[in-house]
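The values are calculated or read from the model by the stated rules, or taken from the named source; none is laboratory data. None of these values were measured; they are calculated from a predicted model. We place every Cβ from the backbone using ideal geometry, glycine too, and count neighbours over all the protein chains shown. When the accessible area is computed, the model is the full protein with side chains, heavy atoms only, and any ligands, DNA or RNA have been set aside. Shrake-Rupley method; radii C 1.70, N 1.55, O 1.52, S 1.80 Å.
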Amino acid sequence: MTLLAACGAAEDRAGSQTPAPATGAASAGPVAKSGPSTRATPDPSAPAVHPVATAKEPEHHVHAGDMAVALTFDDGPSPTYTPQVLSILHQYNVTATFFMIGTNIERHPEVLRQVLAAGHLVGNHTWSHPDLRALDPAKVREEIERTGDIITRVGRGAPPILFRAPYGNFTGTAMAVSASLGMHPVAWSVDPRDWSRPGAQAIVDGVLGAVRTEAIVLNHDGALLDPGQTEVGGPADRSETVAALRTYLPRLIDAGYEFTVPDPAR
Ligand SMILES: [Zn+2]
């Protein structure tokens, strides 16, 4: 069994049981870039939210004004691809959010520090990227707490506020745990499925075709590796994501978009 995983992969593994935030957002219809955006219609197939959870649902959008969008990068840090993403973001003076996996932070703590030093936000993406639906509450809490601890320790800063469940499976338990830790659950509205390596152009088209005011874009700068697996040339290869970013980012800027990070206060 491969351990390689990516946020959007659940659609393939679990079929219609799994919510697909990008699809749900798309079904809400296009929103004029110049006008106020509408919230995506809640996906009826979304997992039930535990009644004790304080957050109703994970955030799929940002609310930082007209033309504001957020770029998010999941499953890192990667010693190969995260620095390449950082270089492109620096070139255009864009701030992004990185939802990191605890095991990858343990292997590459210097990359987390590099991300923070560049002024980006780091969020909690669990310790081992499990499907949280399969875990008992104690294990869910351990996955989230352990990751928050290493981000705080390695980053020598405040605990992470943003939380993203692997595969977007924000279970009731996960919502309750993140709420109890003062965290803010963040999903996405644009998913070009870059983890499936569909080709850089397909990723570019996936982003540019779906982005609109308030969008949260999901990309992947890393992956959970099998033992002995290398990042380059296999399923964990994120070079297409990097190439796509290099193409779509200046186009988003030219189109007038501005870049923000998910705001836990909203
Ligand atoms: Zn992920």
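The figures follow:
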item	result
Using a Förster distance of 22 Å, the FRET efficiency for E258-A117 (Cβ separation, nearest 0.05)	0.45
Solvent-accessible ranking of T260, T95, T72, largest area first, probe 1.4 Å	T95, T260, T72
Nearest-10 value in Å² for the accessible area of S87, using the 1.4 Å probe	70 Å²
Length gained when the stretch H63-E142 is fully extended (0.36 nm per residue, less Cα-Cα span)	25.4 nm
Diffusion coefficient, µm² s⁻¹, Stokes-Einstein with Kirkwood Rh over alpha-carbon pairs of the stretch 62-260 at 4 °C and 1.567 mPa s	77 µm²/s
Two-site FRET efficiency, Q201 against E106, from Cβ-Cβ distance with R₀ of 45 Å, rounded to 0.05	0.85
Convex hull volume per residue for the stretch 156-241, taking Cα atoms only, in Å³	143 Å³
